[in-house]
1. Decide, for the stretch 161-310, between rounded, prolate and oblate: order the square roots of the alpha carbon gyration tensor eigenvalues as a ≥ b ≥ c, take rounded if a/c falls under 1.5, and otherwise choose prolate if a/b is larger than b/c, else oblate.
2. In which sequence would 32, 247, 161 go, from the one with the fewest C-beta neighbours within 10 Å to the one with the most?
3. Per residue and in Å³, how big is the convex hull formed by the alpha-carbon atoms of the stretch 17-153?
4. For residue 260 and residue 6, what does the FRET efficiency come to when R0 = 22 Å and r is the distance between their Cβ atoms, rounded to the nearest 0.05?
5. Take 215, 131 and order them by how many other Cβ atoms sit within 10 Å, fewest up front.
6. Hey, what's the per residue convex hull volume over the C-alpha atoms of the stretch 71-129, in cubic angstrom?
7. How large is the direction-averaged shadow of the alpha-carbon convex hull of the stretch 6-293, in nm²?
8. Return the aspartates and glutamates within reach of residue 211: Cα separation strictly under 15 angstrom, same-chain partners fewer than 8 residues apart disregarded; answer none if there are no such residues.
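No value in this document is a laboratory result; all are computed from the given coordinates. It should be emphasised that the depicted structure is a prediction, and the values quoted were computed from it without experimental measurement. Glycine gets a Cβ as well: all are built from the backbone with ideal geometry, and neighbour counts include every protein chain shown.
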Amino acid sequence: MTKPPLSHYSPRFANRPWANEKSELLCYYKDVHRGDVQKKPEGAKQWGRQRGLYTWKVERALTEDLENAVAPIYAGFCEYREPDASGRRIWAQHLMSQLIRTPTFMRYEKAIRRKLNITEEPVHDRVGCEHCMDLACVTSRDWAVLQAHPDDHFVRGDNPVFLTGFIERPETSLYYPISPRLCFVACSMGEDWIPRYPEGTPPIRGYRLHKGGAHMINFYLARSAEESLVLSSEDDGNIAETMFGDVLGVYPQPPFPLHTPRPDEMPQAYTSIRKSMSFTDQIDYPDWRPGELEPFRGSASSTRTVPSSA
């Protein structure tokens with residue numbers, strides 16, 4: 001019998017910026033036997049995968065229909081190069097795929113499908129499509145790249161995207177670290193925001209964070225992880241040990257894409273997501289509060305150092 005694939009829910013090209021010359025990352029993880037958080041070296045190709053998470057069909061589609069296209073765009077962001085209009089859509093598709101291809105999201109999705117007796121399979125399973133309308137909720141937002149203070153860094157969690165709320169809400173922000181020094185943000189918008197595909201390629205703003213700013217984002221990335229996160233070994237220290245030991249996986253990333261609520265349905269949708277998570281994990285989760293990360297519209301006091309074009 002053919003073994004199911006070792007499914008990479010964190011693409012290898014996205015792990016690579018955190019790796020050292022030995023292609024190793026430093027992984028903080030929940031130790032189920034000791035009941036605490038431990039750390040160990042992990043191969044960049046080995047971290048962020050799980051056998052049998054997807055079928056071979058989905059695994060191939062992720063590679064051929066999405067990752068081959070997004071890898072050069074990802075590299076471009078790391079080198080301060082902006083994508084063109086088509087690249088913006090592919091990037092948005094990648095971000096939404098990263099949300100729904102994780103073990104966390106799929107665990108919640110499976111529980112809800114079972115509870116509601118849903119048997120039909122999605123058309124674009126885990127991959128999405130460049131022309132899906134939900135991508136307009138990402139492409140029509142202002143985009144920014146945050147640069148960590150020289151003394152700070154960003155981490156990558158096993159839920160790599162931090163989504164502060166339903167993507168249909170103007171106030172929602174989406175955070176996605178792309179390297180230890182850079183974090184992509186799809187920003188909060190004004191009340192009059194209407195999701196639509198933008199004309200042309202709006203410029204991407206760049207901001208250098210003040211000291212400690214990246215650690216605030218890391219707090220929420222660690223809190224919303226499932227079981228582990230990785231960072232560059234050179235960035236490890238007392239702050240990492242204390243923070244990750246306390247908050248790793250305390251409140252996993254809510255599966256917001258399971259709902260597409262209208263504005264008047266938002267309160268009920270938040271309650272539904274929280275109850276679904278609590279039912280699945282047998283934990284009475286409190287109300288979701290993204291804290292200081294929402295809204296994010298850029299700060300006039302930030303120093304612009306990341307170029308808006310190459």
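1. On the way: a/c = 2.21, a/b = 1.05, b/c = 2.10.
Oblate.
2. With the sparsest Cβ surroundings first, the list reads 32, 247, 161.
3. In the stretch 17-153, the Cα convex hull volume per residue is 177 Å³.
4. Calculated transfer efficiency: 0.10.
5. Working: 215 20, 131 10.
Lowest count first: 131, 215.
6. Hull volume normalised by residue count: 83 Å³.
7. If you wrap the Cα atoms of the stretch 6-293 in a convex hull and average its projections, you get 15.0 nm².
8. Those aspartates and glutamates meeting the cut-off are 151, 152, 235.
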